[in-house]
Every structure is written in C-alpha cells, then in structure tokens.
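Okay, structure first, notes after.
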Amino acid sequence: MNVKVLAAALFLSIVVYVGFRFFPTSMQPSLQEDSSQNKYLFLGTHFLASYKGCDSAALKNITEFKKVFANAVQSSGATILEHSFTDFGPDSMTGTFTLSESHASIHTYPEHNACFVDLFTCGSHCHWEPFHAILMDYLKPKTVNPQVITRN
C-alpha cells in the first residue's frame, strides 16, 4: 500500500481520536437529545415557506390569522415565550414569536395574496409539519415554496 495513503489514514485517525477525547461529550455531534441531562443538542430545523395565491379573505382577516398562526406555532411542539405583531393598515401584518426553542415569524403581502413564514427550532422534539399543515388549511395557497434546512 502507498506510504502516503497510510500516513494520511493514520493522521486522520489520530485527529478524530484526539478530537473526540479533547471535546466534551456535549460538543460531540449527536442526533438525539440527552434526556439524562435534559439539554438541547446543537441541532436545529429551519422551515421556511412562501405561500402564494392564498385565500384573500383568510389572509386579510389578520385578527383570525394571528390566532391561526399562534395555533400553528404551538402545534409544532414549541414553547411560546412571547410574541409581537405589527399591523400595516387594516389587512397586513408582520409577527414574531420568541420560542424557548428559537423563533417563528410571518409577514403578509395581501396585495399579492401571499406571505412568508419561518419556524426555527433547536433540538429534536419540535416538528414543522403540523405548523405547515395548519397554515396550508387556513390559507389554501395555490403555490407553496417550502424549504427545510437542518442546521448543526
């Protein structure tokens, strides 16, 4: 076998071995929460979506939409710490939710029958799918551009 290949393999083995021994267990990558210490991992899921061609009446009923959005956030399993909405005229808004797991946000464009949303949660106990399903059911968009990004 080539000496350079062996040397590279040995070097990488040492780096991995020393690296995992040097860093505490809490900093090593894992896909499960550590239930014994009840800590979150350095792992997150970021759901982003553009909803276009939404039901105009649903989108413009910002009083009801705020309730639906809060319900969607809760359905993800996230813990809401606080929220803030700013209305732009009678039928448009932006809103943010501070979660113990991270955040959620929304910005509506009633003139385009559209909105942007995102839900970012740390750890692995929250799920974006119920959040998305509730918004889909309420807004009935014709086009959706969702993205799910795993961050670590």
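Computed 3J(HN,Hα) for region 101-109, one whole-Hz value per residue from the Karplus formula 6.51 cos²θ - 1.76 cosθ + 1.60 where θ = phi - 60°, is 8, 2, 7, 9, 8, 8, 9, 9, 10, glycine and proline marked x. Put in order of Cβ neighbour count within 10 Å, fewest first, the listed residues Glu111, Glu64 become Glu111, Glu64. Of the residues Ser76, Ser56, Ser102, the one with the fewest other Cβ atoms within 10 Å heads the list, and the complete ranking is Ser56, Ser102, Ser76. For Ser84 and Gln147, the difference between the fully extended length at 0.36 nm per residue and the C-alpha to C-alpha distance is 20.3 nm.
If each residue of separation counts as 0.36 nm, what is the full-extension length gain between Glu129 and His107 once their alpha-carbon separation is subtracted?
Extra length from Glu129 to His107 when fully extended: 6.0 nm.
Bear in mind that the values in this text are calculations on the coordinates, not laboratory data. What you see is a predicted model; the values in this text were computed from it and never measured. With ideal geometry, Cβ positions are generated from the backbone for all residues, glycine too; neighbour counts draw on all protein chains shown.
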